[in-house]
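J.: Dropping the structure in here first, questions after.
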Amino acid sequence: MQRLTFAYDDEQILEEINLTVQSGELLGLLGPNGSGKSTLLECCNRLLGPDSGRVTIDGDPIATLAPDERARRVGYVPQSESGAFPASVFETILQGRRPHGGWSPSASDREAVERVIDRLGLDGLATRNVENLSGGQRQKVRLGRALVGDPSVLLLDEPTSALDLKHRLEVMDLVVGQLQGDVAGMIAIHDLNLAARYCDRVALLAEGEVHAVGPPDVLTAEAIREVYGVEASVRRHRDRRLVVPEAPADTGPSAAEPPIEGHVADRPTPNTAETDD
Ligand SMILES: Nc1ncnc2c1ncn2[C@@H]1O[C@H](COP(=O)(O)OP(=O)(O)OP(=O)(O)O)[C@@H](O)[C@H]1O
Ligand SMILES: [Mg+2]
């Protein structure tokens, strides 16, 4: 995207954002609540029309693509979704094939859905109504609907926020597996450690601008303080960055001390408590 600018009424949300994602690459969109991550993804998907600037896929301006062509090329997982029409897991994921073949699904469409259901571990839930799933299961269904269309661009808005530890890792492995080859991915994500582990590059958004972009090494304690207002220790763990948030940055330097240690030091030790003098 080039010089992408977007405002809601008078509120400027994105200002001249320039970001590129290569095929096979996963770009993490990081930044505080309200920093514009979802807005950016919606502009990339043409759910929102930017005020200026443009988004291209393989050189084609997305604004000029017909809706079905756009839906074929872009797989999108929204941050949230209200289930307007109750449908089964199978039917919901099948919707992701619609841009490929119209309203009557072929045998290969159904096979593609079955494969995605299998990869997401949703086998036992295929006929269940999506409204009767847990939050994490629903999130997987939304991802399945995006993956089943074999798009060349994946736009994922916090697709792992409701998932437990194991499913987070499984889903991120799946996403990265899907990118192998010629798929470009952009993921809005709050878990900095998950981002550092899986994203090739990250972009830190703040106040409508890209504060930093690059490999996960851009996640420094200073950048985290500036963007999130949080004191954090940043360490290396098995060649990955590990971010340990300590305390809000504006509560003074003493707040950055490990809270548990500080707490324990204030209490009498068991020995003291038992001494009878
Ligand atoms: N429909 C809307 N009308 C007016 N303002 C909106 C609308 N949708 C979002 N905003 C505002 O735009 C800003 C960016 O919102 P956005 O949803 O892109 O943030 P985000 O980075 O995705 O946040 P989060 O991490 O909470 O998902 C926020 O200030 C939000 O209040
Ligand atoms: Mg959002």
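The values are calculated or read from the model by the stated rules, or taken from the named source; none is laboratory data. What you are looking at is a predicted structure, and each value in this text was computed from that prediction instead of being measured. So basically every Cβ, Gly included, is an ideal-geometry build from the backbone, and we count neighbours across all protein chains shown. What goes into the accessible areas is simple: the full protein's heavy atoms, side chains included, and nothing from ligands, DNA or RNA. Shrake-Rupley method; radii C 1.70, N 1.55, O 1.52, S 1.80 Å.
J.: Rg and Dmax in Å for the stretch 36-183, alpha carbons only: what are they?
T.: Considering the stretch 36-183 through its Cα atoms, Rg and Dmax are 15.1, 46 Å.
J.: If you don't mind, there's one more thing I want to ask. Please report the accessible area of T64 (heavy atoms, 1.4 Å probe, ligands and nucleic acids excluded) in Å², nearest 10.
T.: 100 Å²
J.: Also, quick follow-up: In degrees between 0 and 90, to the nearest 10, how far off the longest principal axis of the chain does helix 107-119 point, with axes built from Cα atoms?
T.: Once rounded, one gets 10 degrees.
J.: Counting only protein heavy atoms and using a 1.4 Å probe, what share of the accessible area of the chain belongs to carbon plus sulfur, as a whole percent?
T.: 47 percent
J.: 222 nm [θ] for the chain, helices only, -39500 (n - 2.57) per DSSP H run of 4+, per residue, to 500?
T.: It comes out at -9500 deg cm²/dmol, rounded to the nearest 500.
J.: In what order, largest first, do F90, F6 sit by accessible area if the probe radius is 1.4 Å?
T.: The ordering from most to least exposed comes out as F90, F6.
J.: Which Cα, out of T20, A71, V202, lies furthest along the positive dipole direction of the chain (beta carbon charges, K/R +1, D/E -1)?
T.: Toward the positive end, the furthest listed residue is A71.
J.: Calculate the translational D of the stretch 39-107 in whole µm² s⁻¹ from Stokes-Einstein, where the hydrodynamic radius comes from the Kirkwood formula applied to all Cα pairs, the temperature is 37 °C and the viscosity 0.692 mPa s.
T.: Approximately 238 µm²/s, per Stokes-Einstein.
J.: Using the beta-carbon distance between S88 and Y8 and R0 = 35 Å, what value does 1/(1 + (r/R0)^6) give for FRET efficiency, to the nearest 0.05?
T.: 0.50
J.: Additional query: For the chain, what is the convex hull volume of its Cα atoms per residue in Å³?
T.: It comes to 182 Å³ per residue, whole-number rounded.
J.: When the distances between all Cα atoms of the stretch 100-248 are binned every 10 Å from zero, what whole-number percent does each bin get?
T.: Going out from 0 Å in 10 Å bins, the stretch 100-248 shows 10, 34, 31, 17, 7, 1 percent.
J.: Multiply the residue gap between Q22 and Q95 by 0.36 nm, knock off their C-alpha separation, and tell me the result in nm, one decimal place.
T.: So the chain would gain 23.6 nm between Q22 and Q95.
J.: Each residue of the stretch 92-102 in order: what ³J(HN,Hα) in whole Hz does its phi give by Karplus 6.51 cos²θ - 1.76 cosθ + 1.60, θ = phi - 60°, with x for Gly and Pro?
T.: Coupling constants for the stretch 92-102: 5, 5, 4, 3, x, 8, 3, x, 8, x, x Hz.
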